[in-house]
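Take a look at the structure set out below.
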Amino acid sequence: MPGTVMPKTATPGPALPWPGPAPAPAQLHRIALVDVNSFYVSCERAFDPALAGIPVVVLSNNDGCVVARSDEAKALGIKTGEPWFKLADAAPRLGLVQRSSNYELYGDLSSRVMELLGRYALWQEVYSIDESFLGLAGTAAELDAQGADIRAAVARHTGLPVCVGIGTTKTLAKFANRIAKQNKHLGGVCNLDTMDPDVVETIMSRVPVTGLWGVGAKLGKRLHALGIRSVADLKAADPALIRSRFSVTLQRTVLELNGTSCLPLEEERADRQQLIFSRSFSAPVTTAAEMRQVMSIYAQQAAARLEREGQHARVLTAYAGTSHFSQKAASFPSVTVRLQSPTSDPVVLTRAAVGALEDSIVEGVPYTKAGVMLSGLSDAGAQPVFDEFVSAHEHRHLGELLGKVADKYGAASIGLGLAGLSSAKPDWTMSRKFSSPRYTTEWEELPVVKAC
Ligand SMILES: [Mg+2]
């Protein structure tokens, strides 16, 4: 027909291979580091919105010096460790608000955050009061989504802002967390798997090596002398050379930057066969007397948790450790005691924990963390126990009673021995002139909402 364009007949080309269904995206196992932004300040802000957006500092024991700063306080040039008496006069002019350390509030919010994070993870290592490593699994995109979910859940349930860094090693997860914190457009989550590798490289070449986990100013200076200035420089360094010139610790950092996991998990939740109560300290513990108090408190916390979960433990391990990065004396005592019979009795567990480390603590050594681990767990009553092995306190259900009293009158209302009222108050309960109320742990100090 005139004017009609005949359709072109397609000339068959070579047969294309049928692609079949797209391969499933790879399942990745990754480490996330979740860290609360300006933790102490954020805890204060969670209950006092007037503190949002203004410079806030939290002071050390006895209101001595600055231990935490809001971004706005950092922008004023206020440094951690600055004595309060130097700032006090200028504070009103600067609009700077100070708070005493409110460790009841921070500790309680910390345990809420940690408990929440544990729900999202295959395993969890609580690294410090406001940081936790988590084991995550999923495709790269799912990991992004998990990061965002974690952030939203913590904000919803506690009012605290967190950043999530995701990487193949602890060091990279820490680094990713730093990127998340400093680049607001990332929305608080940095997953190195979904970031453009060139961008990651550029960031690594811009961040000074001292911005890395475990690389302090002193070490930074020595690295500078070798021409290693940025994170990228250290990543490219020869691990063997780093080991010979510095330490095996720094060699591990180099390997970890390159994706080889070297830092062991210290608190795996691989199964429910263990219960661990472990924390890093805000200030090192250097005497056996202080460590006895720490053990006493931790053992009772662990006992309370056993009691709540209706479990008994057969074995107790008490441990302490100096910082992995400490250039000074290293000491990692760990003593395991088999208990006479499965128990959740706080008296038995406290005695065991305090006694276990009694001879292993070196006076003067700065311990930065300690823990009590209970293992050989069984449901209470699952194993028949001969009566003579049941402690006298257990017959009287002391653990249950302590739990009830603490629930009713607050955690500080009752305790055994060194964790009790008669003992010297630990350092963190000193003079606190500018303290906010203990909103979450004291009935009399509960926040009041007025509806008008
Ligand atoms: Mg933090």
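Got a number for residues in region 134-169 being under 19 Å from Asn258 (Cβ atoms) and surrounded by 23 or more Cβ atoms within 10 Å (Cβ to Cβ)?
Final tally of qualifying residues: 3.
Within region 27-57, can you find the residues that are within 12 Å of the ligand (Cβ to nearest atom) and either closer than 30 Å to Val448 by Cα or assigned to a helix (DSSP H, G or I) (or both)? Spell out the reasoning first.
Filtering region 27-57 for residues within 12 Å of the ligand (Cβ to nearest atom) gives 33-43.
Passing the criteria: Asp35, Val36, Asn37, Ser38, Phe39, Tyr40, Val41, Ser42, Cys43.
Go through (1) assigned to a strand (DSSP E or B); (2) surrounded by fewer than 18 Cβ atoms within 10 Å (Cβ to Cβ); (3) within 16 Å of the ligand (Cβ to nearest atom) and name the single condition Val126 misses.
Checking Val126 against (1) assigned to a strand (DSSP E or B); (2) surrounded by fewer than 18 Cβ atoms within 10 Å (Cβ to Cβ); (3) within 16 Å of the ligand (Cβ to nearest atom), the one that fails is (2).
Please go through (1) more than 16 Å from the ligand (Cβ to nearest atom); (2) polar (S, T, N, Q); (3) buried (at least 23 other Cβ atoms within 10 Å of the Cβ) for Asn62 and return the number of the only condition it doesn't satisfy.
Unmet for Asn62, out of (1) more than 16 Å from the ligand (Cβ to nearest atom); (2) polar (S, T, N, Q); (3) buried (at least 23 other Cβ atoms within 10 Å of the Cβ): (3).
Taking the condition in contact (Cβ under 8 Å) with a residue 60 or more places away in the chain and either of a type outside the set (S, T, N, Q) or assigned to a loop (DSSP other than H, G, I, E, B) (or both), does Arg99 pass? Lay out the reasoning, then the answer.
Values: in contact (Cβ under 8 Å) with a residue 60 or more places away in the chain: yes; either of a type outside the set (S, T, N, Q) or assigned to a loop (DSSP other than H, G, I, E, B) (or both): yes.
Here the answer is yes, as Arg99 does meet what is asked.
Sort out which residues of region 315-357 are in a loop (DSSP other than H, G, I, E, B), over 30 Å from Leu219 (Cα atoms) and under 27 Å from the mean Cα position of the chain (by Cα), and write them in order of number. Steps first, please.
Our first condition is that a residue be in a loop (DSSP other than H, G, I, E, B); within region 315-357, this holds for 322-333, 344-345.
Adding the requirement that they be over 30 Å from Leu219 (Cα atoms) leaves 344-345.
Answer for region 315-357, where residues must be in a loop (DSSP other than H, G, I, E, B), over 30 Å from Leu219 (Cα atoms) and under 27 Å from the mean Cα position of the chain (by Cα): just Ser344.
Considering only region 82-96, state which residues are of a type in the set (A, V, I, L, M, F, W, C) and out of contact with any helix residue (DSSP H, G or I) (no Cβ under 6 Å at 6 or more places or on another chain). Steps first, please.
From region 82-96, those of a type in the set (A, V, I, L, M, F, W, C) are 84-85, 87-88, 90-91, 94, 96; that's our starting set.
Listed by number, the residues that qualify are Phe85, Leu87, Ala88, Ala90, Ala91, Leu94, Leu96.
Taking the stated definitions as given, is Ala121 of a type in the set (Gly, Ala, Ser), in contact (Cβ under 8 Å) with a residue 12 or more places away in the chain, within 28 Å of Asn258 (Cβ to Cβ) and surrounded by fewer than 23 Cβ atoms within 10 Å (Cβ to Cβ)? So that I can check it myself, show each step before the final result.
Details: of a type in the set (Gly, Ala, Ser): yes; in contact (Cβ under 8 Å) with a residue 12 or more places away in the chain: yes; within 28 Å of Asn258 (Cβ to Cβ): yes; surrounded by fewer than 23 Cβ atoms within 10 Å (Cβ to Cβ): yes.
Against the criterion (of a type in the set (Gly, Ala, Ser), in contact (Cβ under 8 Å) with a residue 12 or more places away in the chain, within 28 Å of Asn258 (Cβ to Cβ) and surrounded by fewer than 23 Cβ atoms within 10 Å (Cβ to Cβ)), Ala121 qualifies.
Which one of these does Ser42 not meet: (1) modelled with pLDDT of 95 or more; (2) in contact with a helix residue (DSSP H, G or I) (Cβ under 8 Å, 6 or more places away or on another chain)?
(2)
Is it true that Ala10 is modelled with pLDDT of 95 or more and more than 21 Å from the chain's Cα centre (by Cα)? Talk me through it step by step, then tell me what you get.
Numbers: modelled with pLDDT of 95 or more: no; more than 21 Å from the chain's Cα centre (by Cα): yes.
When the stated conditions are applied, Ala10 does not pass them.
Gly214 passes all but one of (1) over 21 Å from the mean Cα position of the chain (by Cα); (2) modelled with pLDDT under 95; which number fails?
Checking Gly214 against (1) over 21 Å from the mean Cα position of the chain (by Cα); (2) modelled with pLDDT under 95, the one that fails is (1).
Residue check, Thr80 against (1) buried (at least 18 other Cβ atoms within 10 Å of the Cβ); (2) within 16 Å of the ligand (Cβ to nearest atom); (3) β-branched (Val, Ile, Thr), all met but one. Which one?
Unmet condition: (1).
Every residue in region 236-259 that is closer than 16 Å to Arg222 by Cα and assigned to a helix (DSSP H, G or I), please.
If the condition is that a residue be closer than 16 Å to Arg222 by Cα and assigned to a helix (DSSP H, G or I), then Pro239, Leu241, Ile242, Arg243, Ser244, Arg245, Val248, Thr249, Leu250, Gln251, Thr253, Val254 are the ones that fit.
All but one of (1) over 20 Å from Ala176 (Cβ atoms); (2) at pLDDT below 85; (3) surrounded by 14 or more Cβ atoms within 10 Å (Cβ to Cβ) hold for Thr286; state the number of the condition that does not hold.
Condition (2) is where Thr286 drops out.
Failed condition for Glu104, given (1) surrounded by fewer than 19 Cβ atoms within 10 Å (Cβ to Cβ); (2) charged (D, E, K, R); (3) at pLDDT below 85, with all others met?
Every listed condition holds for Glu104 apart from (1).
The values are calculated or read from the model by the stated rules, or taken from the named source; none is laboratory data. Keep in mind the model is a prediction, meaning the values are calculated, not measured. With ideal geometry, Cβ positions are generated from the backbone for all residues, glycine too; neighbour counts draw on all protein chains shown.
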